[in-house]
């Protein structure tokens, strides 16, 4: 699961889609407990998943994924409940609705100057309301002012802006034109940073979350060009296409170009940020600038700038700096207190399928690993206490795979998945040398008309069926229905379990000797599906972490709505030898190569944004995160990410 979360944090959409399916039923149940209405709860879950999709790259530690996701859900629930109480229709919201009727927008090149001439409080309210779609009530809460004051500032700010524009343009300007020009100013500012090829189109124009985000791409949404601005129109993120030829720049020249670009956007940035790392690649170099306190970088402030080999800025991500950094503690707990906890911690043997690009293993494959929750802890540098205590989980119960008979295989993938004739295949693309992804949707589905991130998310996922298929064998790897299906059946939990088992016995018979069934509490969690997990086991009755069949059966239709198969090749499982596994006592000396190291970490509570100084456990030479100990070689296994 942690690997899946890390993949999602890294931007892999398929990994995110898999994650949300494991959490969706729990989210829906929680939302329903707050709002008491299934339809509203479903809307809240959709908004929660959208917000999570847009911000998952900000999640620092994979283990907090569920907590982080539920925090988003609870915020959405409270926002809904506050909205429910609203009975007044704000006059300015009506004006926004009228905006869609505007056919001939006026010129907007004078807006920035006109805004700068307004009183600061008027300007702030106008920007929050028109650029970022904050409701009046939320602006009042944000600025700690009465709602009537915000309404007054909106009214007077519009009037003053209208007068300024009429003076500068020497033309009469309507109120609707003022509103249109406000947002057009941000859109025009974004275009100052990029050059858009003729065959590209604008996919995203989103003014939510206190940012303005613009994304241009081809129809296939590849080679994206993107600009993100903050509420003051300052650049936060930039992605541009590199040139294919030019004069090669040396690494020193690339560094100079990166720093010149940074200071052109934020003049005093290098007074606070220092170059901390450089990663050179064949086509570009990535420069990392961090703010330090007491000799250690602050987790909240890292800027990344990529410069192409021809000296162009191709990627920019800015996280700011603070003029009041945290004070380095005068006294710290000794490292020995942390090491004592490491050596006393419980360790257990597990099997993991590890990829060589993510972990320090010679090649991808199945590894017996001794692991402990303590390696994922952060320890407060003042008292040595874990910042996050690992809560012991109730042990799961498993039984042998039920004895069910296979049925006749369906002739096509569409029939196996249950894709009806009224749905058409939108695309079939190759995502790696072994895997094809196919997507189906109904012919008459209407795409959203606006260009928000939410609409892009819906356009790519809403009411679709997605499947992964082995390119060579044609075998189904996984599929997922993003279209809700309902029928007339009312199957029991046991009926659904039999359907899941029969599907695996029919299409994956050779896996049956290595499968068990996880015993679940018979429940549907407020949704139509019952979910079943069939983990893979190897020698010594060892479960292979993360390798399983996962099946969701719709109790109203009898169809399978979600199916995942193991990633690892069955041949590797069949050839696994347990005889080379050593007892932990024989290889625990590997822990001598682990040491605590200091770092500033973000507080897990969003209401306490300051960085805190903490110890983490890492390999002595590299400070890389320890994952466990190889039970065959006694070598430490660390994360390369």
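Report the gain in length on full extension from residue 422 to residue 585: 0.36 nm times residue separation, minus Cα-Cα distance, nm rounded to one decimal.
Full extension from residue 422 to residue 585 adds 52.5 nm.
Computed over region 400-574, relative contact order equals 20 percent, with contacts defined as Cα pairs under 8 Å that lie 6+ residues apart. Computed extension gain for residue 121 through residue 280, at 0.36 nm per residue and net of the alpha carbon distance, reaches 52.7 nm.
Can you tell me how region 261-400 classifies by the Cα gyration tensor, rounded, prolate or oblate, using a/c under 1.5 as the rounded cut? In terms of gyration-tensor shape, oblate.
On the beta carbon distance between residue 485 and residue 70, with R0 = 30 Å, the FRET formula returns roughly 0.65.
Computed from label points 7 Å out along Cα-Cβ, the spacing between residue 292 and residue 195 is 3.8 nm. Each peptide in 557-566, 464-473 gets a packing score, the mean of other Cβ atoms within 10 Å over its residues, and the list from highest to lowest is 557-566, 464-473.
On a full-extension model of 0.36 nm per residue, what is the gain between residue 382 and residue 251, subtracting their alpha-carbon distance, rounded to one decimal in nm?
43.1 nm
Peptides 404-410, 115-121: what's the order by average Cβ count within 10 Å, highest mean first? If you can, show how the numbers build up before the last one.
On the way: 404-410: 11.3, 115-121: 13.6.
Result, highest mean Cβ count within 10 Å first: 115-121, 404-410.
Relative contact order of region 443-520: 16 percent, from C-alpha pairs under 8 Å at least 6 residues apart in sequence. Each of the peptides 492-499, 477-484 was scored by the mean count of other Cβ atoms within 10 Å over its residues; in descending order, highest first, they stand as 477-484, 492-499.
If you take the beta carbon distance between residue 442 and residue 222 as r and set R0 to 25 Å, what does 1/(1 + (r/R0)^6) give as a FRET efficiency, to the nearest 0.05? Given R0 = 25 Å and the Cβ-Cβ separation, E is 0.50. Label sites at residue 267 and residue 410, each approximated as a point 7 angstrom past Cα along Cα to Cβ, lie 6.4 nm apart. Classify region 409-496: rounded, prolate or oblate, from the alpha-carbon gyration tensor (a ≥ b ≥ c, eigenvalue square roots; a/c under 1.5 rounded; otherwise prolate if a/b is larger than b/c)? It is oblate, given that a/c is not under 1.5 and a/b is not larger than b/c. Each label point was placed 7 Å from the Cα along the Cα-to-Cβ direction; for residue 520 and residue 492 their separation is 1.7 nm.
Rounded, prolate or oblate: which fits region 190-317, taking a ≥ b ≥ c as square roots of the Cα gyration tensor eigenvalues, rounded meaning a/c under 1.5, else prolate when a/b beats b/c?
In terms of gyration-tensor shape, oblate.
Read the figures in this text as sums done on the coordinates, not as results from a lab. Note that the structure is predicted; figures quoted are calculated from it, not measured. Counting neighbours? That spans all protein chains shown, and the Cβs are built from the backbone with ideal geometry, glycine included.
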